[in-house]
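The values are calculated or read from the model by the stated rules, or taken from the named source; none is laboratory data. Being a predicted model, the structure only gives us computed values, none of them experimental. Methodologically, a virtual Cβ is constructed for each residue, glycine included, from the backbone with ideal geometry; neighbour enumeration extends over all protein chains shown. Only protein heavy atoms, including side chains, enter the accessible area calculation; ligands, DNA and RNA are left aside. Shrake-Rupley method; radii C 1.70, N 1.55, O 1.52, S 1.80 Å.
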Amino acid sequence: MAKAKSVYTCTECGGQAPKWQGQCPHCEAWNTLIETAVEQGKGAGVNRFASLGGSGEVVSLGEVEARDFPRLPTLIGEFDRVLGVGMVEGGVVLIGGDPGIGKSTLLLQAAARLSEQVLVLYVTGEESAQQVALRARRLEVNASKIRLLPEIELEKVQATIAKLKPGVAVIDSIQTLYSSALTSAPGSVAQVRECAAQLTRVAKQSGTAIVFVGHVTKEGALAGPRVLEHMVDTVLYFEGDTHTSFRLIRAFKNRFGAVNEMGVFAMTEKGLREVTNPSALFLSHHRADVPGSCVMVTQEGTRPLLVELQALVDESHGPQPRRLTVGLEQNRLAMLLAVLHRHAGIALFDQDVFVNAVGGVRIAEPGADLAVTLAIVSSLRNRALPAKHVVFGEVGLAGEVRPVQRGQERLREAAKLGFTHAIIPAANKPRQNIDGIEVIAVDRLSDAVDYLK
Ligand code: TYD
Ligand code: MG
């Protein structure tokens, strides 16, 4: 009998079964068995996710030479910013995003720049060589040095990397690759995991920096429920509204740099162009002050960013008032409405509330709280905030306004963009005045709301 090449492993308990079945025979969990390759050789299974170090001997940390990893800058400033000064030798980067958002475009642009410095292998599983060539022509980049491999079989990709020893390899996309050791279809959790694990091992052993392109499925998870995130060194996500030309790329995990860094691009006919001063992007330009609008300063990594928040409060006719957010957290909105009621006496139980962050940006930090509440009160009372005012601050459940990180930098950015007043937490009030901006410090939410009388 031929030896089986794959077994089914339970994602809950790690138990194995020779055939797929609905229930794990070991822990009796349902639908947890996924196909995995049988490892050859003793102990191979232990070393599936080879690490950067790897010799396996005990050393004292003091004796380990702390050296910086050699960097390979892509020379696309906004991309390097999120990577943390470029790629790292042997580092593995995952770039996720919706289909059509610009992942292949960015990587081809980066590959063209990188190919001036090192050998770059571009593995394309989704598009033909002609399509990639067409894109390169459209982007007007010098892609002649890029080595292109239209291939979807993992073993052939591995062999090519071993033979060419490229400095950088781009896998576009990880979901199209399949390993012949498994019978599951390409794109399945088992295949994505196996291919990524094998290639990660190749990267660590050969020093080739590898970039995986990964599509995000409808549920917002990378196909194979985020199975890749823990394997790779850096996880970047492409965000942005496909209806506008702006694209944000954000670092969610980075073993070689800071997280929460954000790169901003604009999609043009000639590919992605860097936007070095993005603050102006997320402000809509009203001719007059309008109720329901409030500009906030958010901090993305090392960079402050001005974003306009809009709220609309309207009489509700359903049994349940609606609370909808775009670009902000929905649960946070429910919480802020409760705080508004209890600590500022503003009831919205018979009103629908909609909140939107302009420009397709997503804000996850609580520093948006104060701006969200002021936008809501402004819409409810039909009173606009005075012109040239910015707002930031977290709102606590006790109705207090809490400080945020890097208040000074936020104020300076606002002053730079011509704002004259800032409503901010008292604890963020700078000791020295910042030129051009007057600080209105508030301690409690009710004080801030009074500003809209
Ligand atoms: P693409 O990089 O193929 O997306 P992904 O790899 O993330 O699926 O980008 C596709 C979109 O970008 C497509 O709708 C066309 C647009 N585009 C431009 O607007 N300008 C360009 O120069 C290029 C190459 C693409
Ligand atoms: Mg693509």
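Listed conditions (1) under 26 Å from VAL118 (Cα atoms); (2) in contact with a strand residue (DSSP E or B) (Cβ under 6 Å, 6 or more places away or on another chain); (3) away from ligand 1 (no atom under 16 Å from the Cβ) are all met by SER284, apart from (1).
Within this structure, ARG303 fails the test of being of a type outside the set (S, T, N, Q) and open to solvent by 50 Å² or more (accessible area, probe 1.4 Å). Could you say whether any residue in the stretch 175-187 is farther than 21 Å from THR36 by Cβ, open to solvent by less than 20 Å² (accessible area, probe 1.4 Å) and within 16 Å of ligand 2 (Cβ to nearest atom)? No, the stretch 175-187 has no match at all. Taken over the stretch 112-133, the criterion of being more than 11 Å from ligand 2 (Cβ to nearest atom) and either surrounded by fewer than 16 Cβ atoms within 10 Å (Cβ to Cβ) or part of a loop (DSSP other than H, G, I, E, B) (or both) is satisfied by SER115, GLU116, GLN117, VAL118, LEU119, SER128, ALA129, GLN130, ALA133.
Just one of the listed residues (LEU83, LEU106) is in the same structural domain as MET267 (by TED's automatic domain parsing), within 16 Å of ligand 2 (Cβ to nearest atom), within 13 Å of LEU236 (Cα to Cα) and not acidic (Asp, Glu), namely LEU106.
Exactly one residue out of ALA190, ALA266 is outside the structural domain of LEU380 (by TED's automatic domain parsing), modelled with pLDDT of 80 or more, outside any loop (DSSP other than H, G, I, E, B) and buried (at least 18 other Cβ atoms within 10 Å of the Cβ): that is ALA190.
Just one of the listed residues (GLU229, GLU308) is outside any loop (DSSP other than H, G, I, E, B) and away from ligand 1 (no atom under 16 Å from the Cβ), namely GLU308. Restricting GLU89, GLU126 to those that are over 14 Å from VAL213 (Cβ atoms) and either in contact (Cβ under 8 Å) with a residue 40 or more places away in the chain or away from ligand 1 (no atom under 12 Å from the Cβ) (or both) reduces the list to GLU89.
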